[in-house]
1. Give the residue, chosen from B:Leu251, B:Leu259, that is touching a His at 6+ places or on another chain (Cβ under 7 Å) and hydrophobic (A, V, I, L, M, F, W, C).
2. So which strands (runs of 3 or more DSSP E) are wholly in the stretch B:47-163 and hold at least 3 residues that are within 12 Å of chain A (Cβ to nearest Cβ)?
3. Scan (1) of a type in the set (Val, Ile, Thr); (2) within 16 Å of ligand 1 (Cβ to nearest atom); (3) touching a Lys or Arg at 6+ places or on another chain (Cβ under 6 Å) for the single condition A:Ile173 breaks and write down its number.
4. Could you give every pair whose Cβ atoms fall below 7 Å, whose first residue belongs to the stretch A:173-196 and is within 12 Å of ligand 2 (Cβ to nearest atom), and whose second residue is of a type in the set (Lys, Arg), counting only separations of at least 6 or pairs across chains?
5. Please verify whether the stretch A:63-73 includes one or more residues that are among the basic types (Lys, Arg), in contact (Cβ under 8 Å) with a residue 24 or more places away in the chain, within 16 Å of ligand 1 (Cβ to nearest atom) and within 14 Å of chain B (Cβ to nearest Cβ).
6. When the stretch A:3-58 is examined, which residues are found to be within 14 Å of chain B (Cβ to nearest Cβ), small (Gly, Ala, Ser), within 16 Å of ligand 2 (Cβ to nearest atom) and in a loop (DSSP other than H, G, I, E, B)?
7. Can you confirm whether the stretch A:191-201 contains a residue that is within 14 Å of chain B (Cβ to nearest Cβ) and either under 30 Å from B:Glu130 (Cβ atoms) or among the hydroxyl-bearing types (Ser, Thr, Tyr) (or both)?
8. If only one of A:Tyr252, A:Tyr218 is hydroxyl-bearing (Ser, Thr, Tyr), under 18 Å from the mean Cα position of the chain (by Cα) and either more than 13 Å from A:Ser35 (Cα to Cα) or not in a helix (DSSP H, G or I) (or both), which one is it?
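What follows is calculated from the coordinates using simple rules that are stated; it is not laboratory data. The model shown is predicted, which means the values in this text are computed figures rather than measured ones. So basically every Cβ, Gly included, is an ideal-geometry build from the backbone, and we count neighbours across all protein chains shown.
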Amino acid sequence: MADIAFLNEMAKTLRIEILKMLTKAGSGHTGGSLSAADIVAALYFYKMKHDPKNPKWEERDRFILSKGHAAPVLYTVLSLTGYFDKSLLNTLRQLNSPLQGHPCCKSLPGIEVSTGSLGQGLSVANGMALGLKLDGIPSRVYCLLGDGEIQEGQVWEAAMTASHYKLDNLCAIIDNNDLQIDGYCSEVMNIYPIDEKFRAFGWNVFKIDGHKMEEIIYALDEAEKIKGKPTLILAKTIKGKGVSIFEGKAKYHGIAPTEEELEIAIKELKNGKN
Amino acid sequence: MGKTECGCAPNSLSEFVGKDIATRDAYGMALVELGKKYPNIVVLDADLSCSTKTALFAKNFPERFFNMGISEQDMMGTAAGLALTGKIPFASTFAIFATGRAWEQVRQTICYSNANVKIVATHGGITVGEDGATHQALEDVALMRVIPTMTVIVPADAYETVQCINTAVDYYGPMYIRLGRSKVPSVLPAEYKFHIGKAYIFNLGKDVNIIANGIMVAEALKAAEVLNKEGISTGVANFSSVKPLDEEALLHIAKNSKLIVTTEEHSVIGGLGSAVAEFVSENHPVKVKRIGVNDTFGCSGTWKELIKFYGLTAENIINTVKNSLK
Ligand SMILES: Cc1ncc(C[n+]2csc(CCOP(=O)(O)OP(=O)(O)O)c2C)c(N)n1
Ligand SMILES: [Mg+2]
């Protein structure tokens, strides 16, 4: 059984740490890190089989952050679960830091593959899902994509591959915050309807509220029961979620909070219901 | 092939002389001026218009601006189609995505069809800074230079960028223009005139000549000043046109040098240094030393830290010259 209160608390902690590290770094991606916090908390603190002391454990579930610019959410969860010392979070984006602007698997334990160039993660997830099946390992592969990211053609090539090879050990999650850099996804390059597209490609699709922990947990659990096809969790989210001055604003895609904004943000998060 | 000379300098060209501004900012401003004059200019971007500065054009000419979303391959193909209906498309995104993700579209559809597409990519090199290796193109010049029919330009400052963008409109054929993210010092004099395939020799050294482009021209000039003071006669040439290479100028330089040092914000493999070494070794062998990023990925850091970290500095040029003359 999932402890919803605990997971919500973890998501809040992730958000606070994300904002602190971004402020310290002075640059980085705020909006898309915050929108994914609940999903990432559910994966690492509830759903995924993983061992921070043995990051290469063969039977671990895999997580691929295809939207690599949300690196802060991944770094934060990896440090909170014990992959590396929390003090490293202060080195984000600095010269010689293992916490590169975008995740680099050669420099940090727990990163499955280097990402940051959008559109490439789902193919890698497919490859891992195929490899695990070949080895008879019952692990699952989770891949988190941005909604703007699915404008890349490779995503749709990979969507075809996943259903063609019946990758039921694969679960893709789209962080549907409806924003990319230049504005609303529907205005920059319309991506909708996402659910019907994936269903037409042969996927099972769950539509959820990506900030309701119960719904995230339900979808992750149910996805495991679907056989013969991959599952997409289409998570409706809010970019910058949790901090009202950042919420729903394209501007905060790629800029870090100022010291003042950080203070306001932490206060709001600590007082918030979520 | 079309004309190679700029005949359309806007009145405001002089505004860029002596100004320390990022080449991408100069591009954004130049596009707007050109948009006013040429109704057949269209601009495409892949969700980075704020960063590439095509947003300025988009605001002025929304009906001639196409945001393609995050789909660089599709953008290059669409640009080719627009070119083949008589438009002059400028397609912009970060250098790594323009030349990496969309390489084959650029080769097959744009270049093999000789489609008149102007690829103007920003965020070339390590001066991208904190975003790190995934966003720092160190291979883009090599990737573009190797494609037949492609013209490859790496402007040194804002003034040269504006002239280069103007020239691109008059020239028929695919072009790759590589711009940067960070502010660059002004290096070219007011009388400078950009021509495709023409180098600009600031001065010719009797001992050493430094061949540079992009941000490294400023560093080369600083290094030459020090070396000249120390009695090593050092010249500097701006080879913004990597392809076509100014072979006449290069031969002249080679004949007058004991040592040629190339320097660029790019991998030492495949870029300006390679182009120079290839030509010099075949036509007038003289020792060539290449300064660039030594076959490694970039990393995160401030751009100022990174240029030191990778040795893209006047200091490293000076040391390289001294060590090579020993
Ligand atoms: C191939 C590629 N093109 C462009 C970029 C630059 N870029 C970084 S983030 C971003 C927008 C991403 O939007 P979305 O996928 O919706 O992410 P989110 O809203 O979750 O931050 C872009 C265009 C990139 N990283 N990779
Ligand atoms: Mg988005």
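1. Exactly one of B:Leu251, B:Leu259 is touching a His at 6+ places or on another chain (Cβ under 7 Å) and hydrophobic (A, V, I, L, M, F, W, C), namely B:Leu251.
2. Here the list reads B:65-67.
3. The one condition A:Ile173 does not meet is (3).
4. Close Cβ pairs (under 7 Å, with a partner that is of a type in the set (Lys, Arg)) amount to A:Asp175/A:Lys67; A:Asn176/A:Lys236; A:Asn177/A:Lys239; A:Leu179/A:Lys239.
5. yes
6. If the condition is that a residue be within 14 Å of chain B (Cβ to nearest Cβ), small (Gly, Ala, Ser), within 16 Å of ligand 2 (Cβ to nearest atom) and in a loop (DSSP other than H, G, I, E, B), then A:Gly28 is the only one that fits.
7. yes
8. Unique residue meeting the criteria: A:Tyr218.
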